[in-house]
Amino acid sequence: MKLGMIGCGAMGAGMVKNFLKSDYEVWTYDPDPMKQQQMKELGAIPVPVINIVAPMLDVIVLSLPLSNLIEDTLVGENGLLHDLKKGAFILDMSTTDVDSTKKLAQQAKDVGVHYFDCPVSNGPLGADAGTLTIMVGGEEEHYSAILPVLQAIGNEIRYIGSAGSGQVVKLCNNMMVAGIMVLLSETLLTGVKAGVDAKKIAEVMSIGSAQNKVLSVFGPNLVQDTHHNVNFLLSHMAKDVGLYQKLSKSSETPAFLSSIVEQLFEIAKLQGKGSLDTSAVGQVVELLGNHKITN
């Protein structure tokens, strides 16, 4: 099977490695020449534009940060949607706008191409190890055809429902992560200001009823002040929380807590923390509390 990969950053590079391990022929495109060279060293075939090979590809995989980039890639001035052969598959691994996803899925269907939203969880480490959790939205009758491709990069794959439903689950998931991240920051700071070491608080949480994956993944950066160790970029989390808020408004559901979380992540971005780990939102809490979590 011939596969094209657009976007070879922290997530895309790991996916390419595992597609190659599963014996897929992989053509790659990324605007960064260094990333293209890295893909060549892995065994992929970099191309200056994916359009030149699009007619022979069975699958296009997208790993891009913003909805507008995905739309431009597929249906923009040089969009490749009309270059793909009928029956080809587009797998969008990005976390993007639900409405945009539904619109692109319909545009793809109109030209005989199958579009699946396949947002992922478990970050760059999961992409590199091939252990991503993947939430899939799209036409159920064609899901079995893409499952082997997804199994090359993930070990927990769930078909959710029609187009856009994978994005819905991912946005809900990331909103939960962001909310727990803020509450974890607040509770650790409260405990520290009351005279207890943050590491001891986190240690007890990790074996008690407060144990959760956010604590195990992002907690070490909070208690060690090592927010440069990126598990998930704060700028990406801020974007996802914003997309969740948009979804919440369109669904007419209450968003009391999530709106506060969104504001804190926006403040963190404005303070220049976008390139740090998501845990750096804790620095906003520290500033408001006029104290550090770490000693």
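Only one of (1) within 23 Å of residue 233 (Cα to Cα); (2) modelled with pLDDT of 95 or more is not met by residue 141, so which one is it?
Every condition holds for residue 141 apart from (1).
Among the residues of the stretch 150-189 satisfying the criterion of being β-branched (Val, Ile, Thr), assigned to a helix (DSSP H, G or I) and touching a residue at least 24 places away in the same chain (Cβ under 8 Å), which is least open to solvent (accessible area, probe 1.4 Å)?
Per the criteria, the residue is 182.
Within the stretch 278-295, can you find the residues that are in a helix (DSSP H, G or I) and either within 20 Å of residue 172 (Cα to Cα) or among the hydrophobic types (A, V, I, L, M, F, W, C) (or both)?
Matches in the stretch 278-295: 278, 279, 280, 281, 284, 285, 287, 288.
Give me the pairs, please: first residue somewhere in the stretch 222-233 and farther than 22 Å from residue 9 by Cβ and open to solvent by less than 60 Å² (accessible area, probe 1.4 Å), second residue anywhere and among the polar types (S, T, N, Q) and part of a helix (DSSP H, G or I), beta-carbon distance under 7 Å, and either six or more positions apart or on two chains.
Pairs found: 222/185; 222/279.
Do you know which residues across the stretch 65-103 are open to solvent by less than 10 Å² (accessible area, probe 1.4 Å) and among the charged types (D, E, K, R)?
Within the stretch 65-103, 92 is the sole residue that qualifies.
Anything in the stretch 128-145 that is over 22 Å from residue 245 (Cβ atoms), crowded, with 22+ Cβ neighbours inside 10 Å and of a type in the set (A, V, I, L, M, F, W, C)? List them, or say none.
Of everything in the stretch 128-145, those that are over 22 Å from residue 245 (Cβ atoms), crowded, with 22+ Cβ neighbours inside 10 Å and of a type in the set (A, V, I, L, M, F, W, C) turn out to be 132, 134, 136.
Can you confirm whether residue 17 is open to solvent by 20 Å² or more (accessible area, probe 1.4 Å), at pLDDT 95 or above and out of contact with any strand residue (DSSP E or B) (no Cβ under 7 Å at 6 or more places or on another chain)?
Judged against the criteria, residue 17 is a match.
Within the set of pairs 6+ apart or on separate chains, which have a first residue in the stretch 14-26 that is among the hydroxyl-bearing types (Ser, Thr, Tyr), a second that is assigned to a helix (DSSP H, G or I), and C-beta atoms under 9 Å apart?
Matching pairs, first to second residue: 22/148; 22/149; 22/151; 24/149.
Do we have residue 252 as among the acidic types (Asp, Glu) and open to solvent by 50 Å² or more (accessible area, probe 1.4 Å) here?
Yes.
With (1) within 20 Å of the chain's Cα centre (by Cα); (2) crowded, with 23+ Cβ neighbours inside 10 Å as the list, and residue 26 as the residue in question, which single condition is left unmet?
(1)
Go through (1) touching a Gly at 6+ places or on another chain (Cβ under 6 Å); (2) among the aliphatic types (A, V, I, L, M); (3) surrounded by fewer than 17 Cβ atoms within 10 Å (Cβ to Cβ) one by one and return the number of the condition residue 50 breaks.
(3)
Quick one: count up the residues across the stretch 104-119 that are over 20 Å from residue 1 (Cβ atoms) and open to solvent by less than 10 Å² (accessible area, probe 1.4 Å).
3
The values are calculated or read from the model by the stated rules, or taken from the named source; none is laboratory data. The structure displayed is predicted, hence computed values, not measured ones. Quick reminder, even Gly has a Cβ in these numbers, built from the backbone with ideal geometry, and neighbours come from all protein chains shown. When the accessible area is computed, the model is the full protein with side chains, heavy atoms only, and any ligands, DNA or RNA have been set aside. Shrake-Rupley method; radii C 1.70, N 1.55, O 1.52, S 1.80 Å.
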